[in-house]
Amino acid sequence: MDRAMVVTKYWHRTGDGRVQCDVCPRACRLHEGQRGFCFVRMRQDDAIVLATYGRSSGYCVDPIEKKPLNHFLPGSPVLSFGTAGCNLGCRFCQNWDISKSREIDTLADAASPEAIAEAAADLGCRSVAFTYNDPVIFLEYAIDVADACRERGIKAVAVTAGYMSAEPRAEFYRHIDAANVDLKGFTGDFYRRVCLGKLDPVLETLVYLKHQTDVWVEITNLLIPGANDSDAEVGAMTEWVAGQLGPDVPVHFTAFHPDFKMRDRPPTPPQTLARARRIARDNGIRYAYTGNTHDAAGQSTYCHGCGGLVIERDWYQLGAWRLTSDGRCAGCGTLVPGVFDGPPGTWGQRRLPVRLASPARLGQR
Ligand code: SF4
């Protein structure tokens, strides 16, 4: 077997000669040699294998604010990578060259979990992020990377759409420290028509993360003009978040740019992002942000106790810092929710692409 292929465990035989993948609600039923919707899990030798173990579409050191995570080790660098494929089919995908890639044999970089952890440490990263495409579909590799990182005191971040089944979800998040979950809209119709998926499993993931794990969670909502940006939809979503997850889960409203199969809509106006942030705050969300736009006021963090500025941000650049080392407002002492550890990082808004191919070490798994 190709060393990038590893046998997986979340599948079962269906009795009609097919094998069903149980990783996500899509539940692909496969004949021998067939690939699932995500393209990276396939049936081979009567089992489901992951075809991209140890392969990546490239590595980059990013600011943690770019994930986006505003309450998790602010200012720190995060070693970020993705693979290929995706288990949703969003028409507006902003990373479609990766998520819809069929070129898994030419994924640019290869590295063992240990090599990634070593590189993250050498580069001074506090965390490693599975991003650009969804780690749900390469969870075996992501878990091994997360474990190798934890051994070195480096945390693991999942950037995900949360479209995952219960059993693999429980295993996956035992290895993860923080997640940004993309809540793409708040109607079943939007998920069905525009993302080729379902809303309920995503909400189940959010409730699970918030109430049954210690994973730090933030939410991203990409607002698309005329598709998911109405006052009613943003209102219903933020009411649900405040009611079901509580007021302390940060919500990021980010701007859409015409891309992939959705080029017939304009970019999101800044006013729409500001309006959504206002609605969220009115509905009790304490930490609502705007993203993908210049809006220092909407990207900065204000204490929910006294309203004072505690972290100033402009895009990914931090400015004034008024938090104690354990995350309390320097003005009133209120504990700001999140993972804070000493003074802010100084990575700034740089992006640093890195190469760390070590194919010789891949056979060690
Ligand atoms: S992870 Fe991939 S193969 Fe498995 S059910 Fe989801 S889309 Fe299908």
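Residue under question is Asp248, and the condition is that it be in a loop (DSSP other than H, G, I, E, B), at negative phi and touching a residue at least 60 places away in the same chain (Cβ under 8 Å); does it hold? Here the answer is yes, as Asp248 does meet what is asked.
The residue pairs whose first member lies in the range 317-339 and is part of a strand (DSSP E or B), whose second member is basic (Lys, Arg), and whose beta carbons are closer than 6 Å, counting only pairs six or more residues apart or on different chains, are Leu335/Arg328.
You will find that of Ala280, Ala274, the residue that is in contact with a Ser or Thr (Cβ under 6 Å, 6 or more places away or on another chain) and assigned to a helix (DSSP H, G or I) is Ala280 and no other. Residue count for the range 30-53 satisfying the condition of being closer than 24 Å to Val159 by Cα, in a loop (DSSP other than H, G, I, E, B) and near the ligand (Cβ under 10 Å from one of its atoms): 5. Within the range 8-25, residues that are open to solvent by 70 Å² or more (accessible area, probe 1.4 Å) have Cβ atoms under 6 Å from residues that are within 12 Å of the ligand (Cβ to nearest atom) and at pLDDT below 95 in no pair, counting only partners at least 6 apart in sequence or on another chain.
Against the test of being of a type in the set (Gly, Ala, Ser), farther than 22 Å from Phe253 by Cα, more than 15 Å from the ligand (Cβ to nearest atom) and at pLDDT 85 or above, the options Ser76, Ser56 yield a single qualifying residue, Ser56.
The values are calculated or read from the model by the stated rules, or taken from the named source; none is laboratory data. The structure presented is a predicted model; accordingly, all values stated were derived computationally and were not measured. With ideal geometry, Cβ positions are generated from the backbone for all residues, glycine too; neighbour counts draw on all protein chains shown. SASA here: full protein model, heavy atoms, side chains in, ligands and nucleic acids out. Shrake-Rupley method; radii C 1.70, N 1.55, O 1.52, S 1.80 Å.
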